[in-house]
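Step one of this worksheet: look at the structure below.
The values are calculated or read from the model by the stated rules, or taken from the named source; none is laboratory data. Not measured: the values here are computed from a predicted model. Heads up, the Cβs are rebuilt from the backbone with ideal geometry, glycines too, and the neighbour counts pull from every protein chain shown. Only protein heavy atoms, including side chains, enter the accessible area calculation; ligands, DNA and RNA are left aside. Shrake-Rupley method; radii C 1.70, N 1.55, O 1.52, S 1.80 Å.
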Amino acid sequence: MTHDEALKELSRLAHERAFGGYFGSDTLIQAGLDALLAGGESESLAMLAGLGRNEELKAPELFERVLYELGLGVEVPADARAARWALAYWLAGQMVDGSLDPAAGAFRIWRDVAWDLDYPDELHPLVVCAYNFDDWHENWGVPIEKLKSEAIEAAAHFLKRQSSAGHG
């Protein structure tokens, strides 16, 4: 794993946690170890990476310190609607940059965002992509890669509207 890849993984975990995801201490420790071995430099990073099994309860606090020291902290809007929009933009960005499978991203936008926001028009194309993935079968005659391409295109279009939509 390269230094950039390790930092990207720490950032991904930080975002997931900020948006309510949970990771066990073993995952946080492994991410710390990977980052340390890839050349990451932080006092808390070395401490996180070196935690033993009987010290796992310290991992979440050390992980937060690592994020702070490396400038990877994530601030989620306090307003629930704004937080859902922020999650949608983050997931769409992950889809576009290739770090999140388009099917998984579209499904999460459908499940974790659109429903909570009462299915706004801006998310409709991504929700349609999620429906298509959910219903897809080999007999459709449409390759799954075409659906993935359409989802990435919908995510890119959604991101382009971000600045004018005023949702986060």
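Brief remarks on what is shown
- Per the listing GLU138, GLU153, the residue uniquely free of Cβ contacts under 8 Å to residues at least 12 places away in the same chain, surrounded by 13 or more Cβ atoms within 10 Å (Cβ to Cβ) and not small (Gly, Ala, Ser) is GLU153.
- Selection of the range 1-49 for residues being of a type in the set (A, V, I, L, M, F, W, C), more than 30 Å from ALA82 (Cα to Cα), part of a loop (DSSP other than H, G, I, E, B) and out of contact with any His (no Cβ under 7 Å at 6 or more places or on another chain) yields only MET1.
- Condition met for ALA103 (open to solvent by less than 60 Å² (accessible area, probe 1.4 Å), closer than 25 Å to ALA156 by Cα and either of a type outside the set (A, V, I, L, M) or in a helix (DSSP H, G or I) (or both)): yes
- Filter result (at negative phi and without any contact (Cβ under 8 Å) to a residue 24 or more places away in the chain) within the range 115-127: TRP115, PRO120, ASP121, HIS124, VAL127
- Every pair of residues 6+ apart whose Cβ atoms lie under 9 Å, when the first sits in the range 52-76 and is over 15 Å from GLN30 (Cα atoms) and free of Cβ contacts under 8 Å to residues at least 24 places away in the same chain while the second is hydrophobic (A, V, I, L, M, F, W, C) and crowded, with 16+ Cβ neighbours inside 10 Å: ARG65/LEU45; ARG65/MET47; ARG65/LEU48
- Residues that are at pLDDT below 95 and either surrounded by 15 or more Cβ atoms within 10 Å (Cβ to Cβ) or in contact with an Asp or Glu (Cβ under 6 Å, 6 or more places away or on another chain) (or both), drawn from the range 123-135: ASN132, PHE133
- Looking only at the range 59-98, residues that are in contact with a Leu (Cβ under 6 Å, 6 or more places away or on another chain), in a helix (DSSP H, G or I) and surrounded by fewer than 18 Cβ atoms within 10 Å (Cβ to Cβ) come to 0 in all.
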